[in-house]
Amino acid sequence: VYLVGQVAVSNIQVIRLILHPGDGRPKLVWFSPALKGERERLILANSITLTPGTVTAGLGEDMICVYALRPELARDLKKSGFLKRLQEWEEEDRG
């Protein structure tokens, strides 16, 4: 449910970018999610790709590379609510 809401918000952001393109340029962003499980990293990478304006370009053991239509679309990847939920899910599986 959370992911569906975030996809809706991202759709609105991308529509704004289409209507008012501005000077922003696409950007590759590397970040290290605080996730240990392969399953959780894969879920995060897929959720990024499902979110309009972003595509997971690379997935490593400790890094994710995201292609963002505009830098602001990838600004808060490390602080995303979905990442926090995956971290909680990972802790529940361990405990």
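Summary table
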item	result
Residue within the stretch 65-73 that is among the small types (Gly, Ala, Ser) and surrounded by 12 or more Cβ atoms within 10 Å (Cβ to Cβ) present	yes
Subset of the stretch 37-64 (residues that are open to solvent by 50 Å² or more (accessible area, probe 1.4 Å), touching a residue at least 24 places away in the same chain (Cβ under 8 Å) and either closer than 25 Å to Arg25 by Cβ or of a type in the set (Phe, Trp, Tyr) (or both))	Leu50, Ala57, Met63
Tabulated pairs, the stretch 1-24, first at negative phi, second of a type in the set (S, T, N, Q), C-beta under 7 angstrom, 6+ apart or interchain	Leu3/Ser47; Gln6/Thr51; Val7/Thr51; Ser10/Thr51
Members of the stretch 7-36 found to be surrounded by 15 or more Cβ atoms within 10 Å (Cβ to Cβ) and farther than 17 Å from Pro71 by Cα, listed by number	Pro33, Leu35
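The values are calculated or read from the model by the stated rules, or taken from the named source; none is laboratory data. All values reported here derive from a predicted model rather than from experimental measurement. Cβ coordinates were reconstructed from backbone atoms using ideal geometry, including for glycine residues, and neighbour counts include every protein chain displayed. Protein only, heavy atoms only, side chains kept; ligands, DNA and RNA dropped before computing areas. Shrake-Rupley method; radii C 1.70, N 1.55, O 1.52, S 1.80 Å.
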